[in-house]
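Chemist: The structure that follows is given in the form of structure tokens.
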Amino acid sequence: MTWSLVGWAVILLAAVLLVLSEFLLKKRTIYQVRHQPAVDRLMISRLTAVERGQKRQVILGNRLWSHSYPGLGLQALSNLPAFMDAEAAVDGEQVVSLSDGGLFVIARQVIQGRYQDGFSEHFLQVDQQLALPGVTPLSFTAGILDIMTRQKPDSLALLGDYGSEAALWAASAADHGGDVFAAAGSLESQAALFLSVRDLLIGEEIFLMPGLLDPAHSDRAGWLLEDILRIILVVSLIAGVALKLGGLL
């Protein structure tokens, strides 16, 4: 058997397991393949803020695209619909802040959810739920610190592509008694927030957030398949080492 056949066998096995996982988990909505206490505490803090009538701040980062971390801006946008629930639309106490023009346009479209014939009249309307305090990391930091000093958000969620300046954002919210959650994808933000933020996701964990915030059958099936393939890989490696040591390979 060649390595090419082994690769095709793994792909076929993954496809079969994905179909089976999707079928088995279709009616088991309670089963959780992944669980992140930090995300659970984020949702609890947001619900508590809604009940208290307090402000909630969501920061989507400094840029939509970067060569170093190309997927972080899209990751932030993929999480945005989960934060725009009925409560966010009714009470008007949530503000989504960012510092990139392209990210602003797409985020506004996601919030309004309307686009037709290449133009949306709602672009002309002033949306109080979306803010652009600055167009550079430093100007954004100065603007967002002023906003949080005045609003004192009870819940702060950091998403997307941002750097070490996030430590100032988190400290400002924490000083006013707010709960801080951060999905830190860049190395700079991870280093700055690791010791100061309890609810912190790093590495590949941040790309699980859309499924953790609003889980679907496909998300759970994909996570279960990932775990199964990891177990198969680990067992295969252990078996290969044992066979090698036994002189069978």
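No lab work stands behind these numbers, since they all come straight from the coordinates. Keep in mind the model is a prediction, meaning the values are calculated, not measured. Backbone-built Cβ (ideal geometry, glycine too); neighbour counts: all protein chains shown.
Chemist: Relative to the longest principal Cα axis of the chain, at what angle does helix 166-175 sit, 0 to 90 degrees, rounded to 10?
Modeler: Approximately 60 degrees, to the nearest ten.
Chemist: When the helix-only estimate is applied to the chain (DSSP H runs of n ≥ 4, each -39,500 (n - 2.57), divided by the residue count), what is the mean residue ellipticity at 222 nm, nearest 500 deg cm²/dmol?
Modeler: -17000 deg cm²/dmol
Chemist: Let me ask something else about it. Mind sorting I202, I232 by how few other Cβ atoms lie within 10 Å of their own Cβ, fewest first?
Modeler: Final ranking by Cβ density, sparse to dense: I232, I202.
Chemist: Let me ask something else. Can you give the angle from 0 to 90° between the axis of helix 137-151 and the longest principal axis of the chain, with both taken from C-alpha atoms, to the nearest 10?
Modeler: 70 degrees
Chemist: If I stretch the segment between V16 and I228 completely, what's the gain in nm (0.36 nm per residue apart, minus their alpha carbon distance), one decimal?
Modeler: Residue separation times 0.36 nm, minus the Cα-Cα distance, leaves 75.1 nm.
Chemist: When only Cα pairs under 8 Å and 6 or more residues apart are kept, what is the percent relative contact order across the chain?
Modeler: Relative contact order comes out at 24 percent.
Chemist: Still on this structure: Taking the number of other C-beta atoms within 10 Å as the exposure measure, put E204, E226 in order starting with the fewest.
Modeler: Ascending number of Cβ neighbours within 10 Å: E204, E226.
Chemist: Another question, if that's okay. Neighbour counts of other C-beta atoms within 10 Å: give me Y162, Y69 arranged from fewest to most.
Modeler: Placing the least packed residue first, the sequence is Y69, Y162.
Chemist: What is the calculated FRET efficiency for F194 to K26, with r their C-beta to C-beta distance and R₀ = 45 Å, to the nearest 0.05?
Modeler: That pair, F194 with K26, gives E of 0.70.
Chemist: How do 149-158, 11-20 rank on mean C-beta neighbours within 10 Å, highest first?
Modeler: Highest to lowest by the protection proxy: 149-158, 11-20.
Chemist: Treat region 139-247 as a sphere of radius equal to its Kirkwood radius over Cα pairs and apply Stokes-Einstein at 20 °C in a medium of 1.002 mPa s; give the translational diffusion coefficient in µm²/s, rounded to a whole number.
Modeler: Value of D from the Cα-based Kirkwood radius: 129 µm²/s.
Chemist: For the chain, I need the span (max minus min coordinate) of the C-alpha atoms along each principal axis, in Å, sorted largest to smallest.
Modeler: 70, 44, 36
Chemist: Between E51 and L245, what is the label-point separation in nm under the 7 Å Cα-to-beta-carbon projection?
Modeler: Distance between label points: 5.4 nm.
Chemist: Sticking with this one: How far is helix 3-24 tilted, in degrees, relative to the longest principal axis of the Cα atoms in the chain, given as a value from 0 to 90 rounded to the nearest 10?
Modeler: 60 degrees
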